[in-house]
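Comments concern the structure below.
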Amino acid sequence: MFPLLANILPQQTANAHHQLDDPAVALEGIVPQSLAGTRGDAALARMFPEHSRSRIQRWARAGYVTVDGRQGDLDKLVWGGERVLISPQPSSAASAFKAEEIGLKVVYEDDAILVIDKPAGMVVHPGSGNWQGTILNALLHHTPGAAALPRGGIVHRLDKDTSGLLVVAKTDIAQTSLVRQLQARTVKRIYVALVHGHIARDGEVDAPIGRDPHHRTRMAVVASGKAARTRYQVIKRFSEEGAFTAVECSLDTGRTHQIRVHLRSIGHALVGDPTYGAKRVDLPECLRGLRRQALHAARLGLIHPSSGQQCEWEAPLPADFAAAMVRLK
């Protein structure tokens, strides 16, 4: 086997005091004479430069802006002396870091760490388009003390549609230990993947990964990228419904989408991967029920932050992945 892998700033702009870190805090100011004859939205963007003009326009359309006590029509000109009040609502990001009662599949837990088996389809950390229902929201409910830790104790991530093992720190000391182990590449992680094509032999891909210059939402093997190496070992080859191979992958590095990008770069994209692989309609009927990339973090090994003992956990293939493998056989 391969190695297992808000503060308030004392700043004034146009006589307006404002708190920069919390968009839900009301902003007040008097329009200075120097902005007389300026459109209202442009004037407010000058008075509150930490907020964009388009954001202020959205707040005005939503009714959160008043000028001299009346709902602001920011298409009109201001003449100086008007009292402006902006009462924006909390953004999605501002409300993201809240506890939610979401069940976690706990594989191991003690006072220092928590190991969970993440289901496919669940985002690890809140981000654009996924502000609620994440692993972080679940952690804040499961372990309230996680709120005091950076990123809630999360030290590494899995893609939304990748299932499997994830370790989370429950204390500052544990988090420091796990981060150092990740940096030293001593955390062992092994993934199981099902890919297109027959892989003839075990091997590795040693190629830098960076942002795809043609598709900015994707990653790619690019000369200017960061060093990345993936080792793979053949588990089984299938040919009854076309050419497919099940492999174990271990990472020497942890770049975004690393396994998906590396295997695609050698002509073996993951089954069910809509970003780097074939469309589902091009799959044989027996694999169309797998509605995500066939990638599972199956094994996790690390040195326990408190005891110093080497620990290892395994997570069996989830039902959708296991069923696809059975149908191929």
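Each reported figure results from applying straightforward, stated rules to the coordinates on display, with no laboratory input. All figures in this text were calculated on a predicted structure; none of them were measured in a lab. Please note: Cβ atoms are built from the backbone with ideal geometry, for glycine as well, and neighbour counts cover all protein chains shown.
Data table
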| quantity | calculated |
| --- | --- |
| Proximal charge balance of LYS170 [Cβ under 11 Å; K/R count +1, D/E count -1] | -4 |
| Inter-label distance, nm, simple model (7 Å from Cα along the C-beta direction), THR186/VAL222 | 3.4 |
| Close Lys-Lys pairs in the range 96-184, where close means Cα under 17 Å and separation is 8 or more or interchain | 5 |
| In range of the label at ARG291: residues from the range 149-167 whose backbone nitrogen is under 15 Å from the point 7 Å along Cα→Cβ | 161-162 |
| Full-extension gain in nm, VAL106 to HIS304, via 0.36 nm per residue minus C-alpha separation | 69.6 nm |
| Given charges at beta-carbon only (K, R positive; D, E negative), |dipole| of the chain in Debye | 840 |
| Pairs of Lys in the range 185-329 closer than 29 Å at Cα, counting only those 8 or more apart or on different chains | 6 |
